[in-house]
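Here's the structure, in structure tokens; my notes come after.
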Amino acid sequence: MAGFNHTGVNHAVFYLLGIPGREDLHMWFSIPLCISYVFALLGNGLLIFIILTKSNLHEPMYLFLCMLAGIDIAFATTTEPKALAIFWYNNREISLNGCIVQLYFQHTFFISESGILLMMAFDCYIAICYPLRYTMILTHSLIGVAVFLRAHCAIFPIVFLLKRLTFCRNNILPHTFCEHIGLAKYACNDIQVNIWYGFFVLMSTVILDMILILVSYVLILCAVFYIPSQDARHKALNTCGSHVCVIVLFYGPGIFSVLTQCFGHHIPLHIHILLANVSMLAPPMLNPIIYGVKTKQIRDQVVYVLFPNQK
């Protein structure tokens, strides 16, 4: 497992350390990680089952929610099984190709989820501001295809940017999963192209989505305040309340993690790694709970599926 630091080496295998300096606590860390992952699988799986099998939920809002649940399962699955393998079986080895595949799908699903959240914000905007045109605008299946296609097109060049590099530095990765720049920095080559392309992808997808989501909700609030009926205003705000919670939950931990990396240099490495894992698992685990509590139609169907004998 020793790393190398001379130019005659091009590493094809890397070793994920998990949480460096806290190896004795790996088993304890794995317990909440495993519970969160199982909850994410069961909660999102139940949500997908309910939406697909109940014809009264075949509306744009719920179909977006179904896509979000599917992405949440895939997003958590890109990293957590490997993290648990490290904690339980000390299975740290990962090939270069395996590392690239992991980060490719991790970043792709992250951008896809950001795109779905943008579409759901647009859904709220149309439902409140243009209710008569709602069905006509938001029934096109190409919306979902465009979201996934954008994510794949944005991340696909990263595969070639990483494959061109020669990894002759240390092959020890102090993390539970692979990251683009986290992997690239172990190359002997100049990685300025990787850095700038990564910045371009971030700004043109996730940051742009956040700005458009903010604009959507400013327009929604402006429209809501012009509604004369207080009950109608309350209903309009409640329609998008669960979506706002999910947005905060999705972007919040990620932003906090980035800020701690940029400005929290005194924060121990294991805290950064734990925050990264929380940002990967918190949205998939809590999204089904938020929508189950806040959305009456889904809540009623969950009760019916889990407790069929109750009226």
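The values are calculated or read from the model by the stated rules, or taken from the named source; none is laboratory data. Just so it is clear, the structure is predicted and the values come from calculations on it, not from any experiment. Cβ placement follows ideal geometry from the backbone for every residue including glycine, while neighbour counts extend to all protein chains displayed. Areas reflect the complete protein model, heavy atoms only, side chains present, ligands, DNA and RNA absent. Shrake-Rupley method; radii C 1.70, N 1.55, O 1.52, S 1.80 Å.
Condition (residue is within 28 Å of Gly252 (Cα to Cα) and in contact with a His (Cβ under 9 Å, 6 or more places away or on another chain)) applied to region 125-144: is it met by at least one residue?
There is no residue in region 125-144 that is within 28 Å of Gly252 (Cα to Cα) and in contact with a His (Cβ under 9 Å, 6 or more places away or on another chain).
Give all pairs with beta carbons closer than 6 Å in which a residue from region 85-102 that is free of Cβ contacts under 8 Å to residues at least 40 places away in the same chain meets a residue that is not hydrophobic (A, V, I, L, M, F, W, C) and not in a strand (DSSP E or B); count only pairs at least 6 apart in sequence or on separate chains.
Ala85/Asn91
Does Asp231 count as within 27 Å of Ile73 (Cα to Cα), part of a helix (DSSP H, G or I) and either of a type outside the set (A, V, I, L, M) or touching a helix residue (DSSP H, G or I) at 6+ places or on another chain (Cβ under 7 Å) (or both)?
no
For region 16-32, does any single residue satisfy the condition of being surrounded by 17 or more Cβ atoms within 10 Å (Cβ to Cβ), touching a Leu at 6+ places or on another chain (Cβ under 7 Å) and in a strand (DSSP E or B)?
yes
Hey, could you check region 249-284 for residues that are open to solvent by 30 Å² or more (accessible area, probe 1.4 Å) and not in a helix (DSSP H, G or I) and say which is modelled with the highest pLDDT?
Residue satisfying both the conditions and the ranking: Pro268.
Do you know which of the residues in region 130-170 that are modelled with pLDDT under 90 and outside any helix (DSSP H, G or I) is nearest to Val278 (Cα to Cα)?
Applying the filter and picking the extreme gives Asn170.
Looking at region 216-240, I want the residues that are surrounded by 13 or more Cβ atoms within 10 Å (Cβ to Cβ) and have a partner that is in a loop (DSSP other than H, G, I, E, B) and at pLDDT below 75 with Cβ atoms under 6 Å, at least 6 apart or on another chain. Which pairs are those?
That search, which allows pairs on different chains as well, returns Arg233/Ile227.
Among the numbered criteria (1) of a type in the set (Gly, Ala, Ser); (2) under 21 Å from Thr79 (Cα atoms); (3) touching a residue at least 60 places away in the same chain (Cβ under 8 Å), which single criterion is violated by Ala184?
With respect to (1) of a type in the set (Gly, Ala, Ser); (2) under 21 Å from Thr79 (Cα atoms); (3) touching a residue at least 60 places away in the same chain (Cβ under 8 Å), Ala184 is out only on (3).
Please work out which residue is nearest to Val206 (Cα to Cα), limiting yourself to region 75-97 and to residues that are open to solvent by 30 Å² or more (accessible area, probe 1.4 Å) and assigned to a helix (DSSP H, G or I).
Thr77
Are there any pairs, at least 6 apart or on different chains, whose C-beta atoms fall under 8 Å, with the first in region 12-35 and modelled with pLDDT of 90 or more and the second part of a helix (DSSP H, G or I) and of a type in the set (S, T, N, Q), and if so, which?
Qualifying pairs under 8 Å: Leu33/Asn277.
Against the definition (over 25 Å from Ile158 (Cβ atoms) and in a helix (DSSP H, G or I)), how does Leu103 come out, yes or no?
no
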